[in-house]
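Trainee: Supplied in structure tokens, the structure appears directly below.
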Amino acid sequence: MRGFLVRLHRWAGLATALFLVLAGLTGSAIAFRHELDAWLNPALFQAPGRGVVLSPDRIAARVAALDPGITVTALPLKPVAGEAVLVTVLPQPGSPPPGYDQVFVDPVTGEILGRRDQMTAIMPFLYTFHYSLTAGPVGKWLLGVVALIWALDALVALWLTLPRGRLPFTRGFGAGWAPAWKIKPGLSLRGAGSHRRVLDLHRAPGLWLWLVFLVLAISSVTLNLETQLVRPLLGQVAALSPSAREIGAPRYRPDPPPPALGFEAAAARAEAYAAARGLAPQAVDAYHYAVFGVYIVSLDEAAPHDVWAIDTGHPHLYLDDQTGEVLMATVPGQGTPGDVFLQVQFPLHSGRIGGLAGRILIAVAGVALAVVSVTGVVIWWRKRRARRQVAARETAAARKGPASARV
């Protein structure tokens with residue numbers, strides 16, 4: 001059985017190593033993507049204006065005036081003087097792409113600070129690459145399958161670190177397992193002892209962060225394959241409320257009419273609905289999906305992108321863009337057990353469920369995942385080379401044998 005599990009772990013690791021290195025390193029970077037994006041692009045994110053900020057609708061109107069072929073789809077609802085407002089835009093149906101999808105606005109003066117296409121900026125590109133390889137639904141599906149293999153292989157890997165012939169909680173088990181948790185000091189990555197050092201770098205981080213890796217793998221499967229795999233399977237053992245996709249699909253209109261409500265009116269309806277039900281008090285972001293005729297308003301108590309905030313997910317209200325009727329509400333912690341399981345996957349995956357400490361842990365785990373994956377390939381390569389050298393010596397010896405006999 002152990003030999004079979006070793007081979008299973010080897011081939012699962014080789015099949016996923018490249019993807020896990022890329023996912024680990026990009027995931028480590030995007031754990032602080034908002035902060036890093038602002039640091040890399042101060043001219044876009046720092047607004048010089050001081051004074052009373054403009055209303056969201058006025059900011060949206062300033063952006064819409066840039067080009068008659070664009071429509072504003074998302075913006076923050078609580079602008080702050082000194083911080084640029086990031087407005088997301090899309091081309092209107094039938095209009096050519098404008099060459100940008102983000103506009104940065106000074107919330108006090110209304111000045112346009114800059115425009116960019118997300119795929120040409122480092123942090124937005126890394127974020128998209130992390131969950132889809134920038135290959136759209138195909139990339140998401142592929143990474144979901146990789147995550148599924150990773151989750152199953154994590155169980156195999158844990159088993160392989162256990163001391164042979166000793167069962168957990170039996171005498172001598174702890175002493176036999178302890179070396180797998182340690183990186184022996186004084187060993188070089190080259191020369192004598194290098195194999196031990198590489199093995200230690202492969203095993204020890206994987207053990208110390210094993211639970212984190214398992215959570216990341218499971219949440220990756222859920223986020224990438226929710227519709228294709230997770231909801232159908234989860235629905236067999238737990239009740240699930242209809243998803244936003246299921247509710248919204250019948251509302252799809254390829255040529256939608258203009259919304260009757262603006263961003264401010266949608267936010268006011270959302271806050272009134274929230275106040276009547278004891279939800280988070282303020283609307284912080286709004287997204288308008290015209291083809292579905294809906295505003296999605298995010299509610300929160302903390303300031304947007306607060307580095308210290310513990311995030312268990314935001315309440316989201318889905319409102320009809322013509323009447324303001326609340327079509328659907330998703331509230332963290334509310335719903336069936338299956339609903340709650342799905343709700344916590346992104347906060348777990350991003351580390352935001354633990355605030356700043358959680359995000360640091362995810363950043364460290366991303367680098368560790370890359371190290372574990374690379375060292376796994378190195379171990380396989382060295383063993384493969386050693387086996388070939390042994391086979392070559394045996395072949396040479398076999399050829400010499402008959403020759404000696406003939407002499």
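The values are calculated or read from the model by the stated rules, or taken from the named source; none is laboratory data. Bear in mind the structure is a predicted one, so any value in this text is a computation, not a measurement. Cβ coordinates were reconstructed from backbone atoms using ideal geometry, including for glycine residues, and neighbour counts include every protein chain displayed. When the accessible area is computed, the model is the full protein with side chains, heavy atoms only, and any ligands, DNA or RNA have been set aside. Shrake-Rupley method; radii C 1.70, N 1.55, O 1.52, S 1.80 Å.
Trainee: Among [x] 21, 48, 22, 7, 2, 0; [y] 29, 54, 17, 1; [z] 23, 48, 25, 4, 0, find the value of P(r) over Cα pairs in 20 Å bins from 0, in percent that was calculated from the structure presented, and write down its label.
Mentor: [x]
Trainee: Here's something else I'd like to know. Give me the percent of accessible area attributable to carbon and sulfur for the chain, probe 1.4 angstrom.
Mentor: 65
Trainee: Same structure, new question: Near Lys184, which lysines are there with a Cα under 19 Å away, not counting those fewer than 8 places off in the same chain?
Mentor: Qualifying lysines at Cα under 19 Å: none.
Trainee: Can you give the convex hull volume of the alpha carbon atoms of region 257-357 per residue, in Å³?
Mentor: About 103 Å³ per residue, rounded to a whole number.
Trainee: Say we join alpha carbon atoms closer than 10 Å with springs in a Gaussian network model of the chain; which of Thr128, Thr170, Thr161 then has the biggest fluctuation?
Mentor: Greatest mean-square fluctuation among the candidates belongs to Thr170.
Trainee: Take the Cα of Val6, step 7 Å along the line toward its Cβ, and report every residue of region 198-221 whose backbone nitrogen sits under 19 Å from that point.
Mentor: What the label zone holds, given the 19 Å backbone N cut-off, is 198-204.
Trainee: Roughly how many Å² is the accessible area per residue of the chain, as a whole number, for a 1.4 Å probe?
Mentor: With all protein chains present, the chain gives 54 Å² per residue.
Trainee: Sticking with this structure for a sec: Let me know the charge dipole size of the chain about its Cα centre in debye, to the nearest 20, where only the beta-carbon of Lys, Arg (+1) and Asp, Glu (-1) is charged.
Mentor: 4080
Trainee: Which listed residue (Val344, His316, Ala275) has the Cα farthest towards the positive end of the charge dipole for region 257-357, taking +1 on Lys and Arg C-beta and -1 on Asp and Glu C-beta about the Cα centre?
Mentor: Most positive-ward Cα: Val344.
Trainee: Where Lys and Arg each count +1 and Asp and Glu each count -1, what net charge lies around Ala283 among other residues with Cβ under 11 Å from its Cβ?
Mentor: Here the count lands on -2.
Trainee: In a shell of Cβ-Cβ distance under 12 Å around Val103, excluding Val103 itself, what net charge do Lys and Arg (+1) and Asp and Glu (-1) give?
Mentor: Combined, the nearby Lys, Arg, Asp and Glu give -2.
Trainee: Now for a different question. Once amide H atoms are built 1.01 Å from N in the peptide plane, which residues 5 or more positions from Leu54, or in another chain, come under 5 Å H to H?
Mentor: Counting only residues 5 or more places away or on other chains, the set is Val108.
Trainee: How big is the gap, in Å, between the Cα center of region 144-163 and the Cα center of region 46-80?
Mentor: Computed from Cα coordinates, the inter-centre distance equals 47 Å.
Trainee: Rank Val237, Val138, Val371 by mean-square fluctuation in a GNM of the chain with C-alpha springs under 10 angstrom and give only the top-ranked residue.
Mentor: Looking only at Val237, Val138, Val371, the largest GNM fluctuation is found for Val237.
Trainee: Moving to a separate point now. What net charge do the residues around Gly172 carry, taking every other residue with its C-beta under 13 Å from that of Gly172, with Lys and Arg at +1 and Asp and Glu at -1?
Mentor: +3
Trainee: When a/c is below 1.5 the answer is rounded, else prolate if a/b is larger than b/c, else oblate, so apply that to region 41-124 with a ≥ b ≥ c taken from the square roots of the Cα gyration tensor eigenvalues.
Mentor: oblate
Trainee: To the nearest 20 debye, what is the magnitude of the charge dipole of region 41-124 about its Cα centre, counting +1 on the Cβ of each Lys and Arg and -1 on the Cβ of each Asp and Glu?
Mentor: Value, rounded to 20: 140 debye.
Trainee: Could you work out the relative contact order of region 52-118? I mean the mean sequence separation of Cα pairs under 8 Å and 6+ apart, divided by the number of residues, in percent.
Mentor: Taking the mean separation of contacting Cα pairs over the length of region 52-118, I get 31 percent.
Trainee: Let me ask something else about it. Could you give the angle, 0 to 90 degrees to the nearest 10, between helix 210-224's Cα long axis and the longest principal axis of the Cα atoms of the chain?
Mentor: Between helix and principal axis, roughly 50 degrees.
Trainee: Averaging sequence separations of C-alpha pairs under 8 Å and six or more residues apart, then dividing by the length of the chain, give the relative contact order as a whole percent.
Mentor: 19
Trainee: I've got another one for you. Can you find, among Pro163, Tyr295, Pro256, the residue farthest towards the positive end of the dipole of the chain? Put +1 on the C-beta of Lys and Arg, -1 on that of Asp and Glu.
Mentor: Selected residue: Pro163.
Trainee: If you don't mind, another one. So who's got an amide H within less than 5 Å of the one on Gln102, skipping anything under 5 residues away but keeping other chains? H placed 1.01 Å off N, in plane.
Mentor: Placed amide hydrogens put Val89, Arg116, Gln118 under 5 Å from Gln102.
Trainee: Hey, another quick one. Mind telling me which of Ala217, Ala38, Ala391 comes out most flexible in a GNM of the chain, alpha-carbon contacts under 10 Å?
Mentor: It is Ala391.
Trainee: Just want to confirm a number: the relative contact order over region 1-155, from Cα pairs under 8 angstrom separated by 6+ residues, in percent.
Mentor: After rounding, I find 24 percent.
Trainee: Explain nothing, just compute: Karplus ³J(HN,Hα) = 6.51 cos²θ - 1.76 cosθ + 1.60, θ = phi - 60°, for every residue of region 122-130 in order, whole Hz, x for Gly and Pro.
Mentor: 4, 5, x, 5, 4, 5, 5, 4, 4
Trainee: Per residue of the chain, what 222 nm ellipticity follows from adding -39500 (n - 2.57) for every DSSP H run with n ≥ 4, rounded to the nearest 500?
Mentor: Counting only the DSSP helices, I get -16500 deg cm²/dmol.
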